[in-house]
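Structure, as structure tokens:
The values are calculated or read from the model by the stated rules, or taken from the named source; none is laboratory data. These numbers come from a predicted model, not from an experiment. Here the Cβ is made from the backbone with ideal geometry for all residues, glycine too, and neighbour counts use every protein chain on show.
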Amino acid sequence: MAAHQASRGTVRAALALVRGEGLIERLQGVGTHAVVRPVKTPLPEAHGVIKPSRQSMFNQRMQPHEIDRTVLPAPPTVAVRLAVPERTPCLRWDYVALYDEEPIAIATNYVLFPEAKRLRHTPFVSDWYRLLEDAGIELSDSEFTFDCELADPPLASVLGIREGAPLIAMEQIIYDRDGRPFDLAFIHTRGERFRFVSRGHSKELS
């Protein structure tokens, strides 16, 4: 305030204006902070089993920041999840997902061959499902396991959040057209930036 030679009245008026626009909120005992509007994603779109809507974050609205892609022997946990012998060659792919130029998730994928061979030299331009599509890889099913974790120092640093902030931890397995699991992902998503939307349908009422 002093740096810009603004009076308290001017500052209050400015805060009232942006608060009225829903950009900030004031909580008693906490203070004034920016309002974060989480991204809503229908679960079928998150699974990659339906075409994303025009407004979806999976409609070329995300940008990947690639960290590493390396061929290595499948670790024991990965081998069990993908039902292959330990040390089976696979492609490990680490990246950070950006939305509106802000990091919202970090993911590590383990992909078996032959799918890994198609992915190795495919440009990564948007989200993971777009990458699979560009590589000519079709999926049949996608399975998620959700959990909650607190951000440790490395995750907090990469995602630009405070240590101990809540994260949505996800384990995903993607299956090919023959029902064979070929891709295992470990994903950590910022809890305040992501909401999954699910709607059930009763066949008895249809």
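Details
- Test: residue in the stretch 126-142 that is part of a strand (DSSP E or B) and either exposed (fewer than 13 other Cβ atoms within 10 Å of the Cβ) or of a type in the set (Gly, Ala, Ser) (or both): yes
- Hits in the stretch 114-125 - residues which are over 16 Å from the mean Cα position of the chain (by Cα) and surrounded by fewer than 19 Cβ atoms within 10 Å (Cβ to Cβ): PRO114, LYS117, ARG118, ARG120, HIS121, THR122, PRO123
- Pairs where the first residue, in the stretch 162-189, is in the same structural domain as LEU82 (by TED's automatic domain parsing) and the second is buried (at least 17 other Cβ atoms within 10 Å of the Cβ) and of a type in the set (Ser, Thr, Tyr), C-beta under 7 Å, 6+ apart: LEU167/THR189; ILE168/THR189; MET170/THR189; GLN172/SER142; ILE174/SER142; LEU184/TYR110
- Restricting attention to the stretch 120-130, the residues being free of Cβ contacts under 8 Å to residues at least 40 places away in the same chain and either under 19 Å from ALA46 (Cα atoms) or touching a strand residue (DSSP E or B) at 6+ places or on another chain (Cβ under 6 Å) (or both) number 0.
- Unmet criterion (only one of (1) surrounded by fewer than 18 Cβ atoms within 10 Å (Cβ to Cβ); (2) out of contact with any Lys or Arg (no Cβ under 8 Å at 6 or more places or on another chain)) for GLU102: (2)
- Tally, over the stretch 52-80, of residues that are loosely packed, with under 12 Cβ neighbours inside 10 Å and modelled with pLDDT of 70 or more: 4
- Counted residues, the stretch 69-113 - those being without any contact (Cβ under 8 Å) to a residue 40 or more places away in the chain, over 11 Å from the mean Cα position of the chain (by Cα), within 20 Å of MET170 (Cβ to Cβ) and assigned to a strand (DSSP E or B): 5
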